[in-house]
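Undergrad: Provided herewith is a single structure, encoded as structure tokens, for subsequent inquiry.
The values are calculated or read from the model by the stated rules, or taken from the named source; none is laboratory data. Keep in mind it's a predicted model, so treat the numbers as computed, not measured. We place every Cβ from the backbone using ideal geometry, glycine too, and count neighbours over all the protein chains shown. Ligands, DNA and RNA are stripped out before the accessible areas are found, and what is left, the full protein with its side chains, is counted by its heavy atoms. Shrake-Rupley method; radii C 1.70, N 1.55, O 1.52, S 1.80 Å.
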Amino acid sequence: MRLRYSKPDGTNADFELSEQPVTIGRSADADVLLLDERVSRIHCGIRLWDGDFYIKDLKSRNGTWINNKKVDVAMLKAGDVIRVGSTTFTFEQTPAVGTDTAIQEIEGKMDLGQGYTTILREIVDTSAASTPAAAPSAPATGVESGESAAAPASKPAIHAPRFTGVPTRKPVVIKIKRNPPGE
């Protein structure tokens, strides 16, 4: 989940919410700092409790408003509009990256002139970098259980293949159709 709001310069900002409590206020100690004289130093707090996010007004002077209703404590739902001073936040569910999103990203890169091979190389490199390498396996000694180390191995050592960079999620199949010239 995240909070989306507009900064004073007009740009949008997102604040990702996690299990850690978050404070909103005009103090440098607040997690979300708002330079607004209508906002108290530590105005309100948001916390995850029992699977839901709750907002609590921390005895602010001008109150915390959810969907134009003043609240002391309220459970947040996706789409709720939170007003703190002159700043309006929208409580949004973080979109999951799905097949449609991935295809739109790839089409956007291709529109900017990146080639199919370059895009696939970036995907593979990103997957390999984010996946931890497998721990190195112990060297094969040729000693089977029950045999002494001094006795020669009767069977050749078998090395199990080591897989590194194996993706932890299902691969996404992307089909890109290009019209042949003249169509």
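Undergrad: Cα gyration tensor of the range 15-80, axes a ≥ b ≥ c as square roots of the eigenvalues: rounded (a/c below 1.5), prolate (a/b > b/c) or oblate?
TA: The shape class here is oblate.
Undergrad: VAL73 versus ASP52, label points 7 Å from Cα toward the beta carbon: distance in nm?
TA: So the two model labels end up 1.2 nm from each other.
Undergrad: While we're here: As a test question: what accessible area, to the nearest 10 Å², does GLU107 have when a 1.4 Å probe is rolled over all protein chains in place?
TA: 100
Undergrad: Now for a separate question. Compute the Cα gyration tensor for the range 53-92, then decide on rounded, prolate or oblate, letting a ≥ b ≥ c be the square roots of its eigenvalues: rounded whenever a/c is under 1.5, prolate when a/b is larger than b/c in the other cases, and oblate in all that remain.
TA: It is oblate, given that a/c is not under 1.5 and a/b is not larger than b/c.
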